[in-house]
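The values are calculated or read from the model by the stated rules, or taken from the named source; none is laboratory data. Predicted, not measured: the structure shown is a model, and the values here were computed from it. Using ideal geometry, Cβ is built from the backbone for each residue, glycine included, and neighbour counts are taken over all protein chains shown.
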Amino acid sequence: MKLSMKSDYALRALLTLVEHYGGEPLSIRELAARNDIPKRYLEQIMLDLKGKGWVKSLPGRDGGFLLALPPTEITMGQVIRHFDEVLAPISCVSANKYEPCTQEPVCRFRRVLLQVRNLTARLLDNSTLAKVFSGQPVEREEVFFQGFMGGAGI
């Protein structure tokens, strides 16, 4: 699974709104600047998030965006599925974008990729915005942990 730019930007903006949950609305300009997102692109994403009922907007000079739901009620899985549609690494193990493969009856590695899909879905569906926000940012050393460095492409 590779996260799309839209999902990435949507999650950045949503987590910034979690940080300000219960406070004043944030302008699109401020959301864009804080998250290094092109303003025009973020406007489209915020309209999409508003359409899903996850954010609301307030008009006017002091207006902006707020979360429309508590951060405990929105998950990363919901957001990623909305923008990317799938969590499966290959289409022959996707529930909603399934495409048959001629090798299905004999494929052995497909089972592993089905497990990857299931574990990924479970993790993302249990990761509410509140839980994610309460966590710590990833340290550079964690990304380059030597135990995983033997696998090129990680």
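So here's what we get for this one:
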{"quantity": "Any pair with Cβ under 8 angstrom, 6 or more apart, that starts in segment 22-50 at a residue that is among the polar types (S, T, N, Q) and ends at one that is modelled with pLDDT under 95", "calculated": "SER27/GLY63"}
{"quantity": "Residues that are at pLDDT 95 or above and small (Gly, Ala, Ser), drawn from segment 52-68", "calculated": "GLY53, SER57, GLY64, ALA68"}
{"quantity": "Any helices (runs of 4 or more DSSP H) falling wholly within segment 50-154 and containing at least 2 residues that are under 28 Å from TYR21 (Cα atoms)", "calculated": "76-84, 109-125, 129-134"}
{"quantity": "Breaking point among (1) in contact with a strand residue (DSSP E or B) (Cβ under 7 Å, 6 or more places away or on another chain); (2) surrounded by fewer than 14 Cβ atoms within 10 Å (Cβ to Cβ); (3) within 24 Å of ARG29 (Cα to Cα), for THR72", "calculated": "(3)"}
{"quantity": "Residues being touching a His at 6+ places or on another chain (Cβ under 7 Å) and surrounded by fewer than 17 Cβ atoms within 10 Å (Cβ to Cβ) - total across segment 1-56", "calculated": "1"}
{"quantity": "Residue satisfying condition, being closer than 24 Å to ASP125 by Cβ and without any contact (Cβ under 8 Å) to a residue 60 or more places away in the chain, within set THR102, THR75", "calculated": "THR75"}
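Residues are listed down the side, and each one gets a yes or a no for (1) under 17 Å from LEU3 (Cα atoms); (2) over 16 Å from the mean Cα position of the chain (by Cα); (3) of a type in the set (Val, Ile, Thr):
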| position | (1), (2), (3) |
| --- | --- |
| LYS56 | no, yes, no |
| ASP62 | no, yes, no |
| PRO71 | no, no, no |
| THR75 | yes, no, yes |
| THR102 | no, yes, yes |
| ARG110 | no, yes, no |
| LEU114 | no, yes, no |
| ASN126 | no, no, no |
| PHE133 | no, no, no |
